[in-house]
Amino acid sequence: MLDTRMIIQRFLDTKMQVHPDVVRYLSERDDPGLIDRILENLPGDTVVVSVKNIPGVIPDRDGSRFLTESRCEIVKGGSGSSGNSGCIQDYLHYFRDRYNRLGSMIRSRLQPIPIEGLLKNSRFRQETSSVMGLVLDIKTTTNGHRLVELEDLSGSLAVLFHKDRPLFAEGESLIPDELVGVRGQLSSDGRLFFAESLIRPDIPISHAPFRSETPGTAVLISDIHVGSNTFLGDEWNRFSDWLDDSDVSYLLIAGDLVDGIGVYPNQEEELTIPNIYEQYDVFSSMMRDLPSRITIVIGPGNHDVVRAAEPQPAIPPEFVGGLPGNCIPVENPALISLQGVMVQMYHGRSIDDMISLIPGASYENVASMMVGMLQRRHLAPTYGRRTPIAAIREDQLLIDPVPEVLHTGHVHIMGLSEYRGTLCVNSGAWQGQTTFQKQMNIHPTPARAVVLDLQTLKPQVIDFN
């Protein structure tokens, strides 16, 4: 540690006083060169060196607590990492990559037999054994049982979930293309595998979330929809004013920055800004109005001006060239480290598919769909429905490593849950109820922000209505 008397004397030699918090910070940092960097960047009229004069350090609102250094790292999903969509043959590599990587998570708890080996070896019949595969097809039999076809690299197998067994509920929650392991027995004729237990990649029960060692606050929002006639401008201004007086270090925006052009039929009738470039100009202006001390991470959604297929590239510079320097455009999805706390940010389009496929699922309980993503360790398990997926060789939608926070948007309904140490946050929207939502009887919960303490991982919802 640096000697405090030496630190004070360095500033006195330049005829300036120094705040005690600055002395304490410099002492613990043990970086003599930092004093020189502070002195080089001081305004000419400085009399007392305060916290705000330390590069990269954010003072607390009341100035009484210790200092917080902003540390934001884009672990996955940095601009330019999503790659170009390839040819149809790349889907073979894509699904093999998904199978192998998720399969390694299941194999740690199960010793599956290749389906071909199970069917060809008669000694496995009517004995307890295990298989693993992607869900190829799901049917309900005339007797009300659930019949699921699994496929691995060697073959396919019909698996029966009996309606009178507790496991039937798990069978009902299966969706196409997710990877599962099943323990059970093969029938004597080798035509059916009777399921006794189901294993997903899942988050380990032993997962212990990381918490920041230093103070820090992040705000999670999504779905601003600039340009829509239902954008909530007054509520946004209240949010902006609140940020001015807060000690927030990070702002994460999970897509649909603008309402876009031609996203749905007759959209032009619901736009106040009919030009896509002007929509992004207004959004950039809104970001410039926010405190420059806040690191802002910005991802795209299905209304933004990027390809629809996931993973989506970051917003191109020609649309967001007016963003201030504290804004970081990222891809969808993106994994963000905030002082070591991992936030998996994903717009959430696949929630539509999951709700349509899982009995009893609804938009009002969106957090349960996020728990389903974590159990499947995948952000978009089903291919070929409303969520387009790019033909790339590596599946970039896997949830790996396990994050401390899963942050989504898209459905415009606030949702919070916690599953095995991971906080699930759907952060609502800044757009009132649209014509489409009225037709679908969807009631959004807009103009809310989730404030996350990075030391405790405890969320707080603030309503700006």
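Readers should treat all values here as calculations from the given coordinates under stated rules, not as data from a laboratory. Small disclaimer: the values here were computed from a predicted structure and weren't measured. Please note: Cβ atoms are built from the backbone with ideal geometry, for glycine as well, and neighbour counts cover all protein chains shown.
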Two pseudo-spin positions, 7 Å from Cα along C-beta at Asn365 and at Met16, lie apart in nanometres by 5.9 nm
With +1 at each Lys and Arg Cβ and -1 at each Asp and Glu Cβ, the charge dipole magnitude of the chain around its Cα centre, to the nearest 20 debye, comes out at 1600 debye
For the chain, whose charge dipole is built from +1 on Lys and Arg Cβ atoms and -1 on Asp and Glu Cβ atoms, the candidate among Ala391, Tyr91, Ser350 with its Cα farthest towards the positive end is Tyr91
Rounded to the nearest Å, the spacing of the alpha-carbon centers of the stretch 107-136 and the stretch 242-262 is 48 Å
Across all Cα atoms of the chain, Rg and the largest Cα-Cα distance (Dmax), in Å, are 25.9, 92
Per the helix-only model, the chain has a calculated mean residue ellipticity at 222 nm (DSSP H runs of ≥4, -39500 (n - 2.57) each, divided over all residues, rounded to the nearest 500) of -6500 deg cm²/dmol
Using alpha-carbon coordinates alone, the radius of gyration and Dmax of the stretch 4-55 in Å work out to 9.7, 27
Phi-derived 3J(HN,Hα) across the stretch 270-278 with the Karplus relation (6.51, -1.76, 1.60, θ = phi - 60°), rounded Hz, x for Gly and Pro, is 10, 10, 9, 10, x, 10, 5, 5, 5
For the stretch 245-259, in residue order, the Karplus 3J(HN,Hα) values (coefficients 6.51, -1.76, 1.60; θ = phi - 60°; whole Hz; Gly and Pro = x) are 9, 9, 10, 5, 9, 9, 10, 10, 10, 9, x, 6, 5, 10, 7
Using alpha carbon centers only, the stretch 144-180 is separated from the stretch 307-382 by a whole-angstrom value of 27 Å
Ranking His303, Tyr363, Leu160 by how far each Cα lies towards the positive end of the charge dipole of the chain (+1 on Lys and Arg Cβ, -1 on Asp and Glu Cβ), the top one is Leu160
In whole µm²/s, the translational diffusion coefficient that Stokes-Einstein assigns to the stretch 91-199, given a Kirkwood hydrodynamic radius over C-alpha pairs, 10 °C and 1.306 mPa s, equals 114 µm²/s
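Listed highest first by mean packing, meaning other Cβ atoms within 10 Å per residue, what order do 154-163, 107-116, 202-211 come in?
Result, highest mean first: 154-163, 107-116, 202-211.
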With Cα coordinates, the longest principal axis of the chain makes an angle with the long axis of helix 366-376, in degrees rounded to 10, of 70 degrees
Counting Lys and Arg as +1 and Asp and Glu as -1 over every other residue whose Cβ sits under 12 Å from the Cβ of Gly325, the net charge comes to +2
